């Protein structure tokens, strides 16, 4: 039985158990070091289809670019065959650095992964990075949830995060692309973006631009978002007051209705009864 068919027959519990471990990359390297290494033309290696939205800044690649230019040996990429090309599974940053350094060929190991196991590997790689990219984890978790029906509990175990954090990661993807790109380019932080989730699109974009221009902190954005939601709620209450001919007093945990006289109260109760 080939590896691809074997993976398809694995149940979810086995996959979660395997890929929630902290030594996934070590296990992968051991699993494939027996495979013959081959050199592949860099232009024949495509970026990962799930993560191509996430680009690397040149400053993040400087060490690897210098390593390629000075012939420092680096680990081979792990790729999978896609028709007449290859798709990178492990080593995206090395691929970007090789392109920037105009390297002609790279050593690779070719593995036979289906989409599901590739996503699990990508999640393990993203999870174990020194600087976790929330957007990257969000894209992978969202794909596993939509395409393979992974629960948030399973995703939390795989990502070594809480269920609430997984939910928060995935909700970030509901923001406009403009804001997601700001996070990817480090113009705003993940915390800024999370505070914008419940706001209307135009308000969220305006506030994100304000973060860039004025250097607002995450707490500043959370405060402005609360103010907007409070103003919106106050407008709704004012409209309701006019409609019901009643004064509405809102405190932190309750809303009280005040009437000018008993006749107004009686009229209100009559409306409720109707």
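The values are calculated or read from the model by the stated rules, or taken from the named source; none is laboratory data. These figures come from a predicted structure and were not determined experimentally. FYI the Cβ positions are ideal-geometry reconstructions off the backbone, even for glycines, and counts take in every protein chain you see.
Take the residues in segment 125-172 that are outside any helix (DSSP H, G or I) and farther than 24 Å from residue 114 by Cα; name whichever of them is nearest to the chain's Cα centre (by Cα). Don't jump to the end; show me each part of the working.
Residues of segment 125-172 outside any helix (DSSP H, G or I): 128-133, 149-151, 160-162.
Among the residues that remain, those that are also farther than 24 Å from residue 114 by Cα are: 130-132, 161-162.
Values: 130: 16, 131: 14, 132: 10, 161: 13, 162: 14 Å.
Only one residue tops the list, namely 132.
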Subset of segment 194-228 [without any contact (Cβ under 8 Å) to a residue 12 or more places away in the chain and touching a helix residue (DSSP H, G or I) at 6+ places or on another chain (Cβ under 6 Å)]: none
Restricting segment 157-169 to residues that are in contact with a helix residue (DSSP H, G or I) (Cβ under 6 Å, 6 or more places away or on another chain) and buried (at least 20 other Cβ atoms within 10 Å of the Cβ), the residue that is nearest to residue 55 (Cα to Cα): 169
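Here is a check on your reading of the model: is residue 176 over 23 Å from residue 114 (Cα atoms), modelled with pLDDT of 95 or more and either exposed (fewer than 15 other Cβ atoms within 10 Å of the Cβ) or under 14 Å from the mean Cα position of the chain (by Cα) (or both)?
Details: over 23 Å from residue 114 (Cα atoms): yes; modelled with pLDDT of 95 or more: yes; either exposed (fewer than 15 other Cβ atoms within 10 Å of the Cβ) or under 14 Å from the mean Cα position of the chain (by Cα) (or both): yes.
Spelling it out, residue 176 is indeed over 23 Å from residue 114 (Cα atoms), modelled with pLDDT of 95 or more and either exposed (fewer than 15 other Cβ atoms within 10 Å of the Cβ) or under 14 Å from the mean Cα position of the chain (by Cα) (or both).
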Extreme residue, modelled with the lowest pLDDT, among residues of segment 244-267 that are assigned to a helix (DSSP H, G or I) and surrounded by 13 or more Cβ atoms within 10 Å (Cβ to Cβ): 244
Residue satisfying all of: in segment 33-50; modelled with pLDDT of 95 or more and part of a loop (DSSP other than H, G, I, E, B); farthest from residue 118 (Cα to Cα) among these: 47
Is it the case that residue 143 is modelled with pLDDT of 95 or more, under 21 Å from residue 19 (Cβ atoms), out of contact with any strand residue (DSSP E or B) (no Cβ under 7 Å at 6 or more places or on another chain) and surrounded by 16 or more Cβ atoms within 10 Å (Cβ to Cβ)? yes
So is residue 101 touching a strand residue (DSSP E or B) at 6+ places or on another chain (Cβ under 6 Å), surrounded by 14 or more Cβ atoms within 10 Å (Cβ to Cβ) and touching a residue at least 12 places away in the same chain (Cβ under 8 Å) or not? no
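Does residue 241 count as over 30 Å from residue 183 (Cα atoms), touching a strand residue (DSSP E or B) at 6+ places or on another chain (Cβ under 9 Å), surrounded by 10 or more Cβ atoms within 10 Å (Cβ to Cβ) and at pLDDT 70 or above?
Values: over 30 Å from residue 183 (Cα atoms): yes; touching a strand residue (DSSP E or B) at 6+ places or on another chain (Cβ under 9 Å): yes; surrounded by 10 or more Cβ atoms within 10 Å (Cβ to Cβ): yes; at pLDDT 70 or above: no.
No: the conditions fail for residue 241.
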